[in-house]
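The values are calculated or read from the model by the stated rules, or taken from the named source; none is laboratory data. Model, not experiment: these values are computed from the prediction. So basically every Cβ, Gly included, is an ideal-geometry build from the backbone, and we count neighbours across all protein chains shown. What goes into the accessible areas is simple: the full protein's heavy atoms, side chains included, and nothing from ligands, DNA or RNA. Shrake-Rupley method; radii C 1.70, N 1.55, O 1.52, S 1.80 Å.
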Amino acid sequence: MAKIIVVTSGKGGVGKTTSAAAVATGLALRGQKTVVIDFDVGLRNLDLVMGCERRVVYDLVNVIQGEAGLNQALIRDKRIDNLHIMPASQTRDKDALTLEGVEQVLETLNKDFDYIICDSPAGIERGAQLAMYFADEAIVVTNPEVSSVRDSDRILGLLSSKTRRAERGEDPIKEHLLITRYNPNRVDRGDMLNLEDIREILAINLVGLIPESEAVLRASNQGVPVTHDDSSDAGQAYADTVSRLLGEDVPLRFHEYQKKSLLSRMFGGGRR
């Protein structure tokens, strides 16, 4: 049976789709047969981040409404054979997603995949609730700023009350905190919340900390998930995140400010 993981956030623009793509890619690189589904109907971006936008013919709504088969809509990743993408529709309304339709898609995928990653829209509207409803685990993505952390707290409330597990009284969704765009230098100056403050406010397991990095923007623009860039700090941080999701004990990196050496300042070295 597949493990269903929703990647969600209360606030938009925190790096949720980037994280969904990076985690799905990381799992596939570790030998897990993985599919990542875009639930952001009307505003799809996952296909761009995954570099398959020109290969989209059918989408999740087409499958739910019986206009295409599941295999017609699934796109195999060009770099990793055991990674697939299910794009969202750009032209339909979010009401085109139905609980029954999403359940049927997930049940079918469940037979063939180890992990199903659901890339949720930000916020609490219908698409976001459907993305989390069937989840076994949740990755809550937040930035180190007050508004982002506060909105993430709202999402935690929904995860504990508005899901199938909650309705059935089953074990709760396993919640993971993923902090993105963390800059230790700015934290030291007091411009960002520090790691301890965020963990204290949200009180859930920290699965990853992704440093602010040019590599993320570069990867998104190239349509290559940053996990492939294992020479960058962000790529390494996402790889660490995947290892923790798989149950491995991996030390936390990139949370302390590292002063550049004289040679680094002279020759432009340092983290990418």
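Ratio of region 19-148's C-alpha Rg to 2.2 N^0.38 Å, to two decimals?
Ratio of Rg to 2.2 N^0.38 Å for region 19-148: 1.00.
Counting only heavy atoms of the protein chains, get the accessible area per residue of the chain (1.4 Å probe) and round it to a whole Å² value.
47 Å²
Any aspartates and glutamates with Cα under 16 Å of the K33 Cα? List them, leaving off those in the same chain fewer than 8 positions away.
D77, D81, E107, D112, D114
Calculated from DSSP H runs of 4 or more alone, at -39500 (n - 2.57) each and per residue, what is the 222 nm mean residue ellipticity of the chain, nearest 500?
After summing the helix terms and dividing by the residues of the chain, the value is -10500 deg cm²/dmol.
Provide the packing ranking of 190-203, 168-181, i.e. peptides ordered by the mean count of other C-beta atoms within 10 Å per residue, highest first.
In descending order of packing, they fall as 168-181, 190-203.
Would you list, by chain and number, the aspartates and glutamates whose Cα falls below 12 Å from the Cα of K16, excluding same-chain residues fewer than 8 positions away?
List returned: D38, D40, D119.
On a C-alpha basis, how far is the centre of region 4-41 from the centre of region 142-182 in Å? Whole number, if you could?
Each part reduced to its Cα centre gives a spacing of 15 Å.
If you fit an axis through the alpha-carbon atoms of helix 16-29 and take the longest principal axis of the Cα set of the chain, what angle between them do you get, 0 to 90°, nearest 10?
It is inclined by approximately 90 degrees.
For the chain, set up a GNM with springs between Cα atoms under 10 Å and report which of G223, G157, G26 has the largest fluctuation.
Checking each option, the largest mean-square fluctuation is seen for G157.
Have a look at V141, F39, A237 and report the one farthest towards the positive end of the charge dipole of the chain, computed about the Cα centre with Cβ charges (Lys/Arg +1, Asp/Glu -1).
Selected residue: A237.
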